[in-house]
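So the structure is just underneath, and the comments pick up after that.
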Amino acid sequence: MASEGQKSSGLGLLRLFVGSLRDLSPIVIVVAFFQLAVLQQPLPNLESTLVGAFLVVLGLTLFIQGLEMGLFPLGEAMADAFARKGSLLALLAFGFCLGFGTTVAEPALIAVAKEASVVAAEARVIDDTDDARASYALGLRLTVAVAVGVALIVGVYRIIKGWPIHYLIIGGYVLVVVITFFAPPEIIGIAYDSGGVTTSTVTVPLVAALGVGLASAIRGRNPMIDGFGLIAFASLTPMIFVMIYGMVV
């Protein structure tokens, strides 16, 4: 029995590896075509490039396997447990903490915040010192993390109440446009980009699992209709919060 389980697990990993290779192949083809046919230059460091591409495919395979084995079941189970407990305050607090914690740890946000601090120092928006850059980057990360936490509170409450998502999304983007007219020009681009970097490798799986698990646990809610949409809120609120952060700080 153990050998059959190991064999099945190995075949599953192999299928995931082939799928990851298939998904990444268009990127490889595009880069190779423009490098060889348009630029007419050989690929630099071919051996390192091939090794790196293999590691990317392997990492993506293991990441997807980890999601299926751990993060998705964990998120759905916790959402179900909180829904059955019947405590709205505990559920909203869990949603906020989940959004805040995953966003603070988001690699894409860390990279963008660090780059934004360097550019802000070069533009003399902040002092060109290590402490000033670190403080600026940390402020951006915490602002975005709080924004995603608030987004999950709104999204979870929407699932519980069954509100239509499009009204909230339309209202949110109207607010984004209005605040844009008052925000400093230096922060607008960063704010708009922050809405994208939050929905990346760490945040998306757990947030999606939370929404689907919660909608599945609440009677009268359809996981397909009500379970999705939390990620849209997580992309929207950082733009608002970062522009307000730029206006205040």
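This table checks each residue for (1) surrounded by 17 or more Cβ atoms within 10 Å (Cβ to Cβ); (2) at pLDDT 80 or above; (3) under 30 Å from V119 (Cβ atoms).
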residue: G171; (1), (2), (3): no, yes, no
residue: P184; (1), (2), (3): no, yes, yes
residue: V197; (1), (2), (3): yes, yes, yes
residue: A215; (1), (2), (3): yes, yes, no
residue: D226; (1), (2), (3): yes, yes, no
residue: G229; (1), (2), (3): yes, yes, no
residue: A234; (1), (2), (3): yes, yes, yes
residue: V248; (1), (2), (3): no, yes, yes
| So is G95 assigned to a helix (DSSP H, G or I), surrounded by fewer than 16 Cβ atoms within 10 Å (Cβ to Cβ) and within 19 Å of the chain's Cα centre (by Cα) or not? | no
| query | Can you find even one residue in segment 179-201 that is in contact (Cβ under 8 Å) with a residue 24 or more places away in the chain and among the acidic types (D, E)? | reply | yes
| note | Reported set for segment 112-151 where residues are in contact (Cβ under 8 Å) with a residue 60 or more places away in the chain and either part of a helix (DSSP H, G or I) or among the basic types (K, R) (or both) is V112, A116, A120, G139, L140, T143, V144, V146, A147, V148, V150, A151
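The values are calculated or read from the model by the stated rules, or taken from the named source; none is laboratory data. This is a predicted model, so every value here is computed, not measured. FYI the Cβ positions are ideal-geometry reconstructions off the backbone, even for glycines, and counts take in every protein chain you see.
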